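The values are calculated or read from the model by the stated rules, or taken from the named source; none is laboratory data. This structure is a prediction, so every number in the text was calculated from the model and none was measured. Reconstructed Cβ throughout: ideal geometry from the backbone, glycine too, with neighbour counts over all protein chains shown. When the accessible area is computed, the model is the full protein with side chains, heavy atoms only, and any ligands, DNA or RNA have been set aside. Shrake-Rupley method; radii C 1.70, N 1.55, O 1.52, S 1.80 Å.
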Amino acid sequence: ADVLNIEYDEDYEDYDIKEEVYKHFSENKCLLVIDNLETITDTNIITFIKDLPRPSQILITSRKGLGEIERRYELTDFPVESAVQLFRIIAKEKDKKDLVSLPNSTIENLVQKVKCYPLLIKWSIGKTCLGMDINKAFDAIYSGKSEISQFVFNDIFALFSENAKQLLY
C-alpha cells in the first residue's frame, strides 16, 4: 500500500487494503518483482500472488519450490564473457580501478574459479574491498570456514527434515 501510495488508516482492515491493491493492479499494467520469496514470512503472500489480477504480472525468485504457483525457468550456466562483464561492472561500482583495469584473461581465470556464479563474483570482489588479495578472495569460497560457505550450508541445511538432520549429525 505504501509503495502504491494507497492511503490507509493505522486501524485499517487488511481486506480493505487488499481490495485497493488489487484494484491498482487490475487498472494498471504492472510487473511486481519479488526476489527471494522464501524470506517472506507472511503466509498470505501465496494467496496474494495467486489472486493478482491481470494485466499485471509477477516475477518471483526463490530457492525453494513454490508448489501450484510455480513455473520454473532453469537458469543455465553464466557464460564466461558475461561473467567478465559482470566482474567489471561490480568492480567499477565499488570504485576498484585496479580490478577494472585487469586484463580479460586474468578476470576470466578469476571468474572461472567461482564457476562464473554471480553471487560468488560479487562476494569475492567485496572481500577485496575489505583488503583481501584478489586471488585469495576468489579461492576463499572453497574453504568450509568462509562466510559464503557457511551461508550456503545454513540455507540448505534449513531445508532438511529433522530426520535428515539427525542422519547428518
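State whether one or more residues within region 140-161 are modelled with pLDDT of 85 or more, part of a helix (DSSP H, G or I) and out of contact with any Pro (no Cβ under 8 Å at 6 or more places or on another chain).
Looking through region 140-161, none of the residues is modelled with pLDDT of 85 or more, part of a helix (DSSP H, G or I) and out of contact with any Pro (no Cβ under 8 Å at 6 or more places or on another chain).
Within region 152-167, identify whether any single residue is of a type in the set (D, E, K, R), closer than 23 Å to residue 38 by Cβ, surrounded by fewer than 17 Cβ atoms within 10 Å (Cβ to Cβ) and without any contact (Cβ under 8 Å) to a residue 12 or more places away in the chain, and answer yes or no.
yes
Before we move on, is residue 130 open to solvent by 70 Å² or more (accessible area, probe 1.4 Å), on the phi < 0 side of the Ramachandran plot and touching a residue at least 40 places away in the same chain (Cβ under 8 Å)?
In short, no.
Just checking, how many residues over region 107-121 are surrounded by 15 or more Cβ atoms within 10 Å (Cβ to Cβ) and in a helix (DSSP H, G or I)?
The number of residues fulfilling the criteria is 8.
How many residues are surrounded by 11 or more Cβ atoms within 10 Å (Cβ to Cβ), in a loop (DSSP other than H, G, I, E, B) and among the β-branched types (Val, Ile, Thr) if we restrict to region 42-66?
The number of residues fulfilling the criteria is 1.
Would it be correct to say that residue 95 is surrounded by fewer than 16 Cβ atoms within 10 Å (Cβ to Cβ) and at positive phi?
yes
Scan region 30-41 residue by residue and report those that are surrounded by fewer than 11 Cβ atoms within 10 Å (Cβ to Cβ), in contact (Cβ under 8 Å) with a residue 12 or more places away in the chain and not hydrophobic (A, V, I, L, M, F, W, C).
If the condition is that a residue be surrounded by fewer than 11 Cβ atoms within 10 Å (Cβ to Cβ), in contact (Cβ under 8 Å) with a residue 12 or more places away in the chain and not hydrophobic (A, V, I, L, M, F, W, C), then 35 is the only one that fits.
Counting only residues that are surrounded by 10 or more Cβ atoms within 10 Å (Cβ to Cβ), assigned to a helix (DSSP H, G or I) and either in contact with an Asp or Glu (Cβ under 6 Å, 6 or more places away or on another chain) or without any contact (Cβ under 8 Å) to a residue 24 or more places away in the chain (or both), how many does region 67-83 have?
3
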